[in-house]
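Structure record follows, encoded as structure tokens.
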Amino acid sequence: MSPDQKATIVSQLQSQILRLQGHRPLSQASLTNELGPLRDAFPGGSFPIGAVHEFLAGSAREHSAATTGFISALLPSLLKTSGTCIWIGPSKKIFPVALKNFMLNPDHFIFVKASKDKDILWAMEESLKCPAVNAVVCELKQLDFTASRRLQLAVEKSHVTGFVIRTNYKTVGTTGCVSRWQISTLPSQPIEDLSGVGFPRWRVELLKNRLGRLGAWDVYCKKGQFMATVDSEMLHVNEGIRKIG
Amino acid sequence: MQKRFVSVWFPHLATDWFTIRHPELSNKPFVLRTSSHGRLIVAAANPEAQAKGIANGSILADATAILPGLLVLDEHRGLHEKLLRRIAEWCIRFTPSVAVDLPSGLLLDCTGCTHLWGSEEQYVQDIVSKLTARGYHVRAALAGTIGAAWGTARFAKGTSVIPEGKHIDALMNLPPAALRLEPQPVERLHTLGLLRIKQFITMPRSTLRRRFGAHFIMRLDQALGYQVEFLDAVQSDEPYQERLPCMEPIVKAIGIEIALQQLLETLCLRLRKEQKGLRSAILQCYRVDGKIEKVSIGTSRPSHHVKHLFKLFEPKLSAIEPALGIELFLLDAVKVEAYSPEQENMWQNAGGLQDERLSELIDNLANKLGADAIRRYLPDEHHWPERSIRLAKSLQEKPATPWPSSRPRPLELLEVPIPIQVAAPIPDYPPMLFRYNGQVHNVAKANGPERIEQEWWLQDGEHRDYYRVEDEQGRRYWIFRLGHYNEKTNRWFLHGFFA
């Protein structure tokens with residue numbers, strides 16, 4: 001058997017394993033361009049849709065704004081032109097006008113207000129079950145393994161992508177989510193050496209990843225695309241696929 | 001097409017109804033009494049009593065004097081109206097547009113219907129024979145105008161069908177009362193010796209108008225066909241309601257579920273046939289002890305989807321307290337809107353906001369969390385940030401104006417701006433540092449000011465000068481100074497967080 005044949009067999013087997021693990025690559029390759037440096041973390045360089053992603057945002061509003069900003073930057077490729085996003089949270093927080101700056105259509109967002117974690121989880125699960133929705137974002141305090149597993153089971157049928165933002169959490173714990181992220185703010189990327197506030201820049205840390213590698217990147221978002229900053233260095237890259245949960 | 005009308009007259013409507021209800025009254029003279037101006041009068045006398053000389057409207061004491069042992073019954077108030085309405089609804093079999101003609105008649109617009117009975121004579125014959133078979137005394141006439149049909153039915157002898165274009169000739173020999181006049185002009189015509197219509201129809205109209213009034217001319221024109229008259233047709237409005245009586249009182253949850261399922265299936269079948277969908281519904285459960293338990297639902301889009309509607313009811317069923325048992329279930333579709341299946345197919349998998357499954361999800365969420373919890377925003381043409389968005393009225397409402405995108409806006413906006421302490425070097429310059437949440441933030445980069453004026457026609461107040469600032473750690477804020485720079489009072493606020 002020639003090395004070429006071996007390579008094709010290996011890649012076929014790898015894609016089979018990924019399918020079994022629930023990784024569903026985006027049909028269009030567009031997101032791979034927009035992901036920029038983040039594409040290294042996922043097999044095939046495509047962001048897993050039809051999965052639930054967990055974000056740790058802490059208690060400060062600045063952190064939460066960075067997290068929602070990062071998710072808003074991911075959403076355009078999920079929603080395309082007419083997709084719908086449901087945003088569930090305990091309070092009115094998002095300013096719809098600002099979503100326009102992220103190449104999103106703010107009138108395709110439906111905001112659901114629920115005060116209790118229990119109600120938020122219920123609304124999240126119901127929304128994730130609905131195939132007419134493209135993405136669901138919710139803000140939660142606590143997420144235990146059972147609840148996250150329920151969410152993951154809901155998306156496996158409907159192929160909806162879910163984002164859980166955890167604010168004010170006491171313990172992080174283990175969850176059934178595909179990945180766990182932490183986004184923190186960095187000084188903005190200047191626009192053509194002009195003074196003043198430039199493109200938003202974040203440190204993106206991928207703390208858990210069931211389907212790919214872990215990593216940390218300094219990226220900024222320009223017109224809906226992630227770009228690596230010049231001085232970005234990979235903080236720690238864990239070679240090989242680690243399985244969690 | 002030439003219009004054709006049938007006027008049906010029931011000369012003894014009330015007494016006929018009594019005879020139908022109480023067969024023992026047939027062939028016996030009896031009268032219905034009512035009180036008028038403090039004395040009892042005969043409201044209606046049946047044909048047998050009238051044959052003995054008792055007229056409608058005569059004093060009851062006189063009537064009993066004429067015929068000792070006369071049967072006297074109480075009149076039912078509003079009987080004529082109710083009865084005529086019911087007969088009119090029954091008459092839908094003859095023509096789709098039937099009107100009640102108080103006090104004792106019906107009007108049928110039979111244009112284009114008579115050929116189904118063979119001829120106009122057979123049509124009228126069928127109406128008369130069907131109503132006679134039910135026990136009513138009936139006279140009917142068919143003519144080209146409502147007035148001519150009305151007059152012919154009541155005053156003509158023999159002929160009941162006036163051929164097309166002959167209605168003026170038919171009216172000639174009738175008395176003036178056949179024109180549906182008020183009593184005074186009729187009396188005046190009688191005193192003038194004008195006992196037939198032909199005697200005055202050739203008179204100049206201005207003279208007639210001067211002597212008998214505008215109403216007289218209107219009735220004359222209507223009868224002759226110079227003035228169009230419209231029928232106020234009876235619509236049989238069946239409410240969208242389903243009932244399910246139970247043989248045994250229902251006490252278990254499963255029983256209530258089965259009942260609801262059955263009611264929804266029959267209701268939705270009817271809605272589907274009529275291309276309608278319900279927007280809100282109430283389920284009423286009548287308990288054995290006389291109390292009524294109610295639960296209601298609402299949808300964001302007309303729906304006749306049994307499974308979806310059942311899902312909306314499901315979490316509320318536990319609130320029903322059956323106590324000793326429920327004997328009757330009543331499902332009422334309070335609000336029904338037009339909804340066609342073509343649209344359904346188009347929306348089924350349309351994606352986006354038009355998708356049927358999305359509105360079902362929203363109904364589901366609103367049902368549990370309250371309709372107030374679901375919000376969608378549209379742009380409003382205001383620069384003032386709090387007013388730049390408004391709530392969308394429905395899931396499908398499209399923005400009337402494009403979303404503003406020229407100015408950067410914070411992704412997270414505080415509902416109420418938080419006062420902060422700020423050190424600013426020179427007027428109209430971005431601040432050097434500010435204190436928020438007990439922490440000092442040194443401003444590294446800043447943009448601004450962007451002045452947003454208060455809209456004086458909406459609200460009094462000072463303008464805001466907004467700055468986008470970034471501290472040394474890269475945290476980005478939206479802060480503003482209220483009003484002009486002032487040495488003594490500097491009011492600065494934090495209003496939002498950029499991503």
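Name the pairs whose Cβ atoms lie under 8 Å apart, with the first residue in the stretch B:140-161 and more than 17 Å from B:F94 (Cα to Cα), the second basic (K, R) and assigned to a helix (DSSP H, G or I), and 6 or more positions between them or separate chains? Sorted first by the residue in the stretch B:140-161, then by its partner, the pairs are B:G147/B:R219. Taking the stretch A:62-101 as the range and being closer than 19 Å to B:H495 by Cβ and hydrophobic (A, V, I, L, M, F, W, C) as the test, the residues that pass are A:A65, A:A66, A:I94, A:F95, A:V97, A:A98, A:L99.
Between A:K113, A:K80, the distinction of being of a type in the set (K, R) and more than 17 Å from the chain's Cα centre (by Cα) belongs to A:K113 only. Whether any residue in the stretch B:52-62 is in the same structural domain as B:E164 (by TED's automatic domain parsing), more than 39 Å from the chain's Cα centre (by Cα) and assigned to a strand (DSSP E or B) is what I want to check. Within the stretch B:52-62, one or more residues are in the same structural domain as B:E164 (by TED's automatic domain parsing), more than 39 Å from the chain's Cα centre (by Cα) and assigned to a strand (DSSP E or B). Based on what the data block shows, is B:G438 crowded, with 17+ Cβ neighbours inside 10 Å and on the phi > 0 side of the Ramachandran plot? No. Scanning the stretch A:123-153 for residues that are surrounded by fewer than 23 Cβ atoms within 10 Å (Cβ to Cβ) and at the interface with chain B (Cβ under 7 Å from one of its Cβ atoms) turns up A:E126, A:C130, A:P131.
For A:A154, the conditions (1) over 17 Å from A:G83 (Cα atoms); (2) aliphatic (A, V, I, L, M); (3) assigned to a loop (DSSP other than H, G, I, E, B) are fulfilled apart from (3). Contact annotation: residue pairs with Cβ atoms under 7 Å, 6 or more positions apart or on different chains, pairing a residue in the stretch A:134-159 that is at positive phi with a partner that is of a type in the set (K, R) and surrounded by fewer than 20 Cβ atoms within 10 Å (Cβ to Cβ), are A:H159/A:R24. If the condition is being under 19 Å from A:R201 (Cα atoms), of a type outside the set (S, T, Y) and at the interface with chain B (Cβ under 7 Å from one of its Cβ atoms), then the stretch A:53-93 contributes A:R61, A:E62, A:A65, A:A66, A:G69. All conditions but one from (1) part of a strand (DSSP E or B); (2) touching a residue at least 60 places away in the same chain (Cβ under 8 Å); (3) more than 21 Å from B:L358 (Cα to Cα); (4) among the charged types (D, E, K, R) apply to B:E257; the one that does not is (1). Selection of the stretch B:466-492 for residues being in contact with a Leu (Cβ under 8 Å, 6 or more places away or on another chain) and of a type in the set (D, E, K, R) yields only B:R491.
Residue count for the stretch B:383-441 satisfying the condition of being more than 44 Å from the chain's Cα centre (by Cα), part of a loop (DSSP other than H, G, I, E, B), more than 11 Å from chain A (Cβ to nearest Cβ) and not aromatic (F, W, Y): 8. I'm trying to understand the selection: among the residues of the stretch A:191-205, which are within 16 Å of A:V178 (Cβ to Cβ) and in contact with a Phe, Trp or Tyr (Cβ under 6 Å, 6 or more places away or on another chain)? The one that is within 16 Å of A:V178 (Cβ to Cβ) and in contact with a Phe, Trp or Tyr (Cβ under 6 Å, 6 or more places away or on another chain): A:V204. Is there a residue being crowded, with 17+ Cβ neighbours inside 10 Å, more than 25 Å from A:T68 (Cβ to Cβ) and either at the interface with another protein chain (Cβ under 7 Å from one of its Cβ atoms) or modelled with pLDDT of 80 or more (or both) anywhere in the stretch B:365-374? Scanning the stretch B:365-374 turns up at least one residue that is crowded, with 17+ Cβ neighbours inside 10 Å, more than 25 Å from A:T68 (Cβ to Cβ) and either at the interface with another protein chain (Cβ under 7 Å from one of its Cβ atoms) or modelled with pLDDT of 80 or more (or both).
The values are calculated or read from the model by the stated rules, or taken from the named source; none is laboratory data. Keep in mind that this is a model prediction, so the values were computed, not measured. Neighbour counts are summed over all protein chains in view; Cβ atoms, including those assigned to glycine, are modelled from backbone coordinates with ideal geometry.
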